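What follows is calculated from the coordinates using simple rules that are stated; it is not laboratory data. Source: prediction; values computed, not measured. In this analysis, Cβ positions are derived from the backbone assuming ideal geometry, glycine residues included, and neighbour counts consider all displayed protein chains.
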Amino acid sequence: MNGDGRDRPPAPRPPRPPRPWRLLLSGAGHVGGGFLDMLEDRRAALEAGFGVDLRVCGIAEYGGGVLDPDGLDLGPIRAALATGEPLAALPGIGCPRMTPREMAETAEAEILLEATPVSLVDGEPGLGAVRTALTRGMHVVLANKGPLALAFHELAELADLGDGWGRLYRQPDEGAPPRPRLRFSATVAGALPVVNIGRRDLAGDRITRIEAVFNGTSQSILRAMETGRGFDDAVADAQARGIAEADPALDVDGFDAACKLVITVNAVLGGRATLADVAIEGIRAVQSREVAAAVHAGQRLVPLCLAELDEDSSGPDGTCGYRLSVRPASLPQDHPLARLTPDEMGVVFYTDYLDRLFGASLEPGPGPASAAMLRDVLDIVWSETCHTRS
């Protein structure tokens with residue numbers, strides 16, 4: 001006590017050193033490279049605010065990669081990515097011909113980040129790397145939607161999601177080691193937390209309908225067509241601005257949006273959906289006159305993803321299924337999805353107790369997806385910290 005009889009304030013705790021977490025990055029394109037930029041730019045804030053020292057110990061891309069078990073110096077790597085220099089050519093750390101799967105098999109780390117290009121043929125190289133990492137007990141964060149679109153339940157069974165959630169929950173086997181964590185919020189509309197809202201914020205509610213605009217490229221093209229551009233001209237403009245790929249088929253034919261819808265249904269609704277369950281119609285055949293006619297009728301044509309509860313479709317566990325579709329659809333102009341700007345994506349949830357929950361995000365480039373990967377990394381770090389303390 002002080003001389004005047006009052007209690008002394010407690011002495012401040014000495015700061016703890018940040019906990020090191022070793023990361024592997026598969027794919028160093030726009031999203032993976034953006035993650036490296038964000039990590040380097042915010043390193044001090046992450047250490048001070050979250051108590052973590054995130055060290056990238058390996059990066060694999062086409063043609064090889066780099067490894068350093070003590071943590072890579074990201075300065076030279078970012079410079080090489082900016083100039084197009086192969087990472088495998090960097091002296092001392094370069095690993096020619098190292099594949100993402102080989103990196104996941106041999107390198108020691110706590111988390112694999114998967115951001116290679118999407119393949120809907122076999123999911124590679126991402127699927128093999130993710131399988132390997134989870135089998136080794138490594139946590140995984142995905143920005144690449146291909147592995148989940150093709151093998152969601154296989155990968156979930158290898159990870160913490162295998163214990164289920166909501167209607168599919170099962171008690172973990174007593175004495176079994178904890179499963180690695182699988183996070184993938186970047187795979188569905190980038191930074192828009194679709195999966196987080198559905199699994200966490202609507203937990204306990206019965207979702208009866210999901211409406212969404214999940215493909216920013218198609219959204220941008222349709223909005224450009226409202227100004228009188230033809231489809232081909234609108235695609236070329238989107239490509240010039242870096243929104244559309246050189247081959248925009250995955251976007252304009254509806255498969256990118258269908259992947260995101262499948263992931264949402266499986267992760268949020270507890271379904272067992274595949275791409276074959278989605279009625280897919282892209283925007284390639286849309287004519288400018290159709291877009292103009294919708295506007296004239298007080299509506300707007302949007303690339304709509306839809307999951308509708310089907311009371312007559314029962315699964316083996318007695319639960320209802322959902323009808324799934326991706327197609328251009330006209331919505332009233334006061335509908336939340338009709339009010340989205342060209343570079344926005346959005347989702348609307350309907351439940352039996354909540355009339356409507358709407359969220360949107362402005363995503364003119366890959367930066368929001370990189371931020372979503374960092375969000376998932378920190379979610380794993382926090383979950384593991386709480387598990388250790390308990």
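For the reader, a short list of remarks on this structure follows.
- 20 Å-binned pair-distance histogram of the chain (Cα, whole percent): 26, 53, 18, 2, 0
- Sequence-distant contacts, meaning Cα pairs under 8 Å at least 6 residues apart, place the relative contact order of the stretch 1-143 at 25 percent.
- Taking other C-beta atoms within 10 Å as the exposure proxy, Phe50, Phe358, Phe152 rank Phe358, Phe50, Phe152 from fewest upward.
- Membrane-span-like helices in the chain, defined purely by DSSP H runs whose alpha carbon atoms cover 15 Å or more axially and whose average Kyte-Doolittle hydropathy reaches -1.0, are 30-41, 146-158, 255-268, 367-389.
- Proximal charge balance of Gly27 [Cβ under 11 Å; K/R count +1, D/E count -1]: -2
- Separation in nanometres of the label points that stand 7 Å from Cα toward Cβ, at His153 and Glu308: 2.5 nm
- Leading residue at positive end of dipole, the chain (Cβ point charges), from Leu161, Ala276, Val188: Leu161
- Lys/Arg +1, Asp/Glu -1 at C-beta; the stretch 12-79 dipole; positive extreme among Pro20, Phe35, Ile77: Pro20
- Rounded to the nearest 500, the 222 nm mean residue ellipticity of the chain from helices alone is -10000 deg cm²/dmol, with -39,500 (n - 2.57) taken per DSSP H run of at least 4 residues.
- Mean Cα-pair separation over length for the chain, i.e. relative contact order, pairs under 8 Å, 6 or more apart, %: 15 percent
- Scaling the Cα radius of gyration of the stretch 1-140 by the globular reference 2.2 N^0.38 Å produces a ratio of 1.37.
- Sequence-distant contacts, meaning Cα pairs under 8 Å at least 6 residues apart, place the relative contact order of the stretch 194-362 at 32 percent.
- Relative exposure of Leu23, Leu357, judged by other C-beta atoms within 10 Å (fewest first): Leu357, Leu23
- Global size of the stretch 194-362: 16.2, 50 Å for Rg and Dmax (C-alpha atoms, Rg to one decimal, Dmax whole).
- Of Val347, Thr385, Ala372, farthest towards positive along the dipole that unit charges on Lys, Arg, Asp, Glu beta carbons give the stretch 331-390: Thr385
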